[in-house]
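First comes the structure, then the notes that go with it.
The values are calculated or read from the model by the stated rules, or taken from the named source; none is laboratory data. It should be emphasised that the depicted structure is a prediction, and the values quoted were computed from it without experimental measurement. Because the Cβ atoms are built from the backbone with ideal geometry, glycine has one as well, and the counts that use them run over all protein chains shown. In case anyone asks, the SASA skips ligands and DNA or RNA and just uses the protein heavy atoms, side chains included. Shrake-Rupley method; radii C 1.70, N 1.55, O 1.52, S 1.80 Å.
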Amino acid sequence: MSRIVYVNGSFVPYDEARIPIMDRGFLFADGIYEVSAVIEGRLVDNEAHLARLERSLGEIRIRNPHSAAEWTRLEEELVSRNALTEGLVYMQVTRGVAERDFAFPADVSPTVVMFTQEKRMTDAPGAETGVAVITVPDLRWARRDIKSVALLAQVLAKQAAAEAGVAEAWMVEDGQVTEGGSSTAFIVTRDGCIVTRPLSHAILPGITRQALLRLAEETQLRIEERPFTPEEAKGAAEAFLTSATSLVMPVVSIDGRAVGEGRPGPIARRLRALYLEAARGTQPAA
Ligand code: PDD
């Protein structure tokens, strides 16, 4: 079966999909994107992802071309046409196609592109062993709350991680961890408190972060929303990261230094299990 993608109103084979070179997404990174996970053929936390998509578009004044119901129908059709059971749906909206000029063009309609990718998530190899991260300087712009397609700083951060043979780069600004290249960063203090940076323009408001904090609260785990330093993270009892496609992933080493016992900790394991149960729509075991 050939891969089917969505471009501006049509489902087409990947080889036939075309975007003009004057698309402002290509020339200026003038666009935003979203990534929703698919588990057992079903979209996970999709309403929240679509709400963030709407917000990102609003912040850069691009009209949302679809209602949430329309987006959902398109996503579900794409999942079904590609027979996707586990992986992700990628959605991108750019300001559209116009002769190159920085300011917004008049009378332009947004470009919409969607595709699916298969990805092992529920039994990802790192979930059992935990993953390693390195820290890198955060080189990004000042509006990281917008899920912009301008990802060059993250590309460089994640390339540094790849070259170091680790799974993710935690970005650091003013001595504090902001977030991962494509994930939210968490630590667990030695007295069992979950710590993650508060929402602001400095980080993306992670949808998995939001779900995880709700689960932690329901489980009576203590949460503190505050910044933390790489040094505090290295001395923490546990660390983990969250994203639509990593779900909840234990972090067992930072800059080559073992976190806690150097194995996934009990809180990260428990939250991953709870998140998976919630994502699958089942009730957690008592
Ligand atoms: N990235 N922070 C950044 C910078 C991200 O790019 C992402 C997600 C997250 C986690 O957000 P969420 O829980 O909503 O996925 C945090 C996606 C998965 C990506 O770019 O592929």
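Below are the figures for this structure:
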| read-out | value |
| --- | --- |
| Stokes-Einstein D in µm²/s, Kirkwood radius over Cα pairs - region 11-78 at 4 °C with 1.567 mPa s viscosity | 95 |
| Choice from 253, 183, 109 with maximal GNM fluctuation in the chain (Cα, 10 Å cutoff) | 109 |
| Relative contact order (%) - criterion: Cα under 8 Å, at least six apart; region: the chain | 17 |
| Kirkwood Rh, Cα atoms: Rg over Rh of region 125-279 | 0.93 |
| 5 angstrom amide H check on residue 254, placed H, neighbours 5+ away | 133, 259 |
| Linear extension gain, residue 28 paired with residue 119, 0.36 nm per residue minus alpha-carbon span | 29.9 nm |
| Relative intensity, log₁₀ I(q)/I(0), of region 1-140 from a Debye sum that treats every alpha carbon as a point, q = 0.13, 0.19 Å⁻¹ | -0.66, -1.15 |
| 37 °C / 0.692 mPa s Stokes-Einstein diffusion coefficient of the chain, Kirkwood radius on C-alpha pairs, µm²/s | 166 |
| Simple Cβ-charge dipole of region 125-279, Lys/Arg +1 and Asp/Glu -1, about Cα centre, in debye nearest 20 | 240 |
| Net lengthening on full extension, residue 162/residue 99 (0.36 nm per residue, minus Cα-Cα) | 19.0 nm |
| Debye intensity ratio in log₁₀ form over the Cα atoms of region 46-99, taken at each q of 0.12, 0.17, 0.26 Å⁻¹ | -0.32, -0.60, -1.09 |
| Share of pairwise Cα separations in region 223-286, more than 13 Å, in percent | 66 |
| Sorted largest first, extent of region 132-200 alpha carbons per principal axis (Å) | 37, 30, 19 |
| Under-5 Å amide H pairs with residue 183, H placed in peptide plane, nonlocal only | none |
| The chain: angle of helix 46-59 to the longest principal axis, Cα-based, in degrees nearest 10 | 60 |
| Cα long-axis angle, helix 207-218 against the chain (0 to 90 degrees, to the nearest 10) | 40 |
| Surface accessible to a 1.4 Å probe, per residue, for the residues of the chain, Å² | 48 |
| Karplus-derived HN-Hα couplings along region 113-120 (A = 6.51, B = -1.76, C = 1.60, θ = phi - 60°), whole Hz, x at Gly and Pro | 10, 9, 8, 10, 9, 6, 7, 6 |
| Within the accessible area of the chain (1.4 Å probe), percent carbon and sulfur | 52 |
| Extension gain, residue 108 back to residue 155 (0.36 nm per residue minus Cα-Cα distance, nm) | 14.0 nm |
| Estimated FRET transfer efficiency when R0 is 30 angstrom, pair residue 40-residue 142 (beta carbons, to 0.05) | 0.15 |
| Projected label distance in nm at residue 224 and residue 51, using a 7 Å step from Cα toward the beta-carbon | 2.8 |
